[in-house]
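*Asks:* Shown below is the structure under consideration.
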Amino acid sequence: MYYLFDQQLISTDNIINSFEILMVLVNKSQRRAALFYNEDDEIMLLTYFFQKMKRVIDLTMINSEDKIHSIQDLSHIYLLTKKFLGKKLFIVNEFLENLSNVSKLVFNDVLESINRSIRQQSINIYFTKPDSHKTLLNYVKSKIKIGEVFQGQNYNIFADKILYFLHDALKTQIFTIVFEKDQSDNLIRCIDEIVGYVIFMNRTNMSYYFNYLKNIILLISWPYDKFLDKYKELENVIYDRDLRSLIKCRKDKEKIKNLIVKNIK
């Protein structure tokens, strides 16, 4: 992107630099306007400049390869605008609203991209090895770590969304598998490691989902001769549709169905 500034052509792809250049131009124009124009003209001038910046932001966000840091740039632009305009901030309400909308869109795009990647990785996990889940879990950890650039509630939303995507993808994949004994053992190790990570990260909102998933996994792996007692313990904890699905994941599913029919009223 190029700017003609004081008869010098300046090139920059950094949106913050672009915005700072614009602020200098606006400041120069405002000083001139104060000598020759009235308040309405000043409003028109500011509106014009910030409409141009809106276009710059829209184009930059479309082409951005690092969308997480682009969101941070948008927050920085908001603070710069607020500091620069002060009491005149109301003049650029449309620009500020666009900043907010673009931030939300980019934020959701980032999360959707992560969700797609988690789902794509999960469909190749069959728990045939003790570390089958490691690559996926490390990916999730890395994305949550990157999200630390957000603060407060935005980080909480970001981290919890990613963990929920992980929960949902694993649950979906688990229900496609009929488990051998070694697979179910690996599955238990997988969920134990994930639950430990969730607790370590203090993501208390997500603990319920992974503990729920762990109960499903326990019933998938529970020995036949002890299954009935465990089933009675968890039948009011796990949704009926999930109970039906998890039974299909067992090699002895027909025997389990008969066991339940005979003993559960």
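Rule-based calculations on the coordinates, nothing more; no lab input. Predicted model, so just to flag it, every value in this text is computed and none were measured. As a convention, Cβ positions derive from the backbone with ideal geometry for all residues, glycine included, and neighbour counts pool all protein chains shown.
*Asks:* How far is helix 15-36 tilted off the main Cα axis of the chain, in degrees rounded to 10, range 0 to 90?
*Replies:* 30 degrees
*Asks:* Also, I was wondering about something else. If you rank V102, V178, V198 by fewest surrounding Cβ atoms within 10 Å, what's the result?
*Replies:* Least crowded to most crowded, the residues run V178, V102, V198.
*Asks:* What ranking do R116, R250 get, fewest neighbouring Cβ atoms within 10 angstrom at the top?
*Replies:* In order of increasing Cβ crowding within 10 Å: R116, R250.
*Asks:* Can you give the longest stretch of the chain with no exposed loop site, where a site means GluC sites (Glu not before Pro) in a DSSP loop (not H, G, I, E or B) with at most 15 other C-beta atoms within 10 Å?
*Replies:* 66-179
*Asks:* Continuing with this model, one more query. Within the set of other residues whose C-beta is less than 11 Å from the C-beta of V178, count the net charge using Lys and Arg as +1 and Asp and Glu as -1.
*Replies:* Residues close to V178 contribute a combined charge of +2.
*Asks:* May I ask you to derive the FRET efficiency for E94 and M201 from their Cβ-Cβ distance with R0 = 45 Å, giving the value to the nearest 0.05?
*Replies:* Once the sixth-power term is evaluated, E becomes 0.70.
*Asks:* Any idea what the dipole of the chain comes to, in debye rounded to 20, about its Cα centre with Lys/Arg Cβ at +1 and Asp/Glu Cβ at -1?
*Replies:* The calculated dipole for the chain is roughly 1000 debye.
*Asks:* Neighbouring Cβ atoms within 10 Å as the yardstick, rank L246, L46 fewest first.
*Replies:* L46, L246
*Asks:* Mind pulling the angle between the C-alpha long axis of helix 224-234 and the longest principal axis of the chain? Nearest 10 degrees, somewhere in 0 to 90.
*Replies:* 50 degrees
*Asks:* Tell me, what ³J(HN,Hα) does each residue in segment 144-150 have, in order and in whole Hz, if you take phi through Karplus 6.51 cos²θ - 1.76 cosθ + 1.60 with θ = phi - 60° and put x for Gly and Pro?
*Replies:* 5, 5, 4, x, 5, 5, 6
*Asks:* Which entries in the list K104/K134; K129/K232; K129/K255; K145/K171; K28/K88 go over 19 Å, if you measure between the two C-alpha atoms of each?
*Replies:* On the way: K104/K134 31 Å; K129/K232 31 Å; K129/K255 27 Å; K145/K171 23 Å; K28/K88 16 Å.
K104/K134; K129/K232; K129/K255; K145/K171, as the Cα separations exceed 19 Å there.
*Asks:* If I build a Gaussian network model for the chain, linking alpha-carbon pairs within less than 10 angstrom, which residue out of L22, L170, L137 has the largest mean-square fluctuation?
*Replies:* L22
*Asks:* Just grab the label-to-label distance for I21 and L105, each label 7 Å out from Cα along the Cβ direction, in nm (one decimal).
*Replies:* Once both label points are built, they end up 2.3 nm from each other.
*Asks:* Let me ask something else about it. Residue farthest toward the positive end of the dipole of segment 123-265, with Cβ of Lys/Arg at +1 and Asp/Glu at -1: which of G196, F150, I177?
*Replies:* About the Cα centre, the residue reaching furthest to the positive side is I177.
*Asks:* Tilt of helix 152-174 relative to the longest C-alpha principal axis of the chain, in degrees (0 to 90, nearest 10)?
*Replies:* Compared with the principal axis, the helix lies near 40 degrees.
*Asks:* Could you work out the local net charge near I144, counting Lys and Arg as +1, Asp and Glu as -1, over the other residues with Cβ closer than 12 Å to its Cβ?
*Replies:* For residues surrounding I144, the net value is +3.
*Asks:* Output wanted: per-residue J couplings in Hz (rounded whole) for segment 240-251, from phi through Karplus 6.51 cos²θ - 1.76 cosθ + 1.60, θ = phi - 60°, x for Gly and Pro.
*Replies:* Per residue, the Karplus-derived 3J(HN,Hα) values read 4, 5, 6, 4, 5, 5, 5, 4, 5, 7, 9, 5 Hz.
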